[in-house]
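Engineer: This structure is in structure tokens; I'll ask about it shortly.
The values are calculated or read from the model by the stated rules, or taken from the named source; none is laboratory data. Note that the structure is predicted; figures quoted are calculated from it, not measured. We place every Cβ from the backbone using ideal geometry, glycine too, and count neighbours over all the protein chains shown.
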């Protein structure tokens, strides 16, 4: 009798690869939850004509970047000190951010960070006035 010789199996075993894939999937799913950062903002409703505003503080960010608090020019170095002085006696720590259409997103986010550092608790986006014909 001749001994039967077995030919090696050339098919890959995919079970360990699927196990590694599932472990990586679980790791990435848990990391996305931990890395995800949010910022609470209040989106305004557009107002028709001139907006009747209360004594709210509006921080405008223009290209350059140039900063204005209620139409008064403020330098980048004085921005946090000025905001701290404004909000020192205020019980409501709310600010509206108005970004110029050509300003960089990073400049607006930097202004929001400075406002948060100055004690602002709620940041909202300043509404655009709708032009009536």
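Engineer: Could you say which residue among 95, 18 is in contact with a helix residue (DSSP H, G or I) (Cβ under 9 Å, 6 or more places away or on another chain), modelled with pLDDT of 85 or more and either outside any helix (DSSP H, G or I) or more than 17 Å from residue 124 (Cα to Cα) (or both)?
Structural biologist: The unique qualifying residue is 95.
Engineer: Further question on the same structure: Can you tell me which residue is nearest to residue 124 (Cα to Cα) among those in the stretch 54-77 that are in contact with a strand residue (DSSP E or B) (Cβ under 9 Å, 6 or more places away or on another chain) and part of a loop (DSSP other than H, G, I, E, B)?
Structural biologist: Here the residue is 56.
Engineer: I've got another one for you. Filter the stretch 98-126 for residues that are in a helix (DSSP H, G or I) and touching a residue at least 12 places away in the same chain (Cβ under 8 Å) and give the result.
Structural biologist: 107, 108, 110, 111, 112, 114, 115, 117
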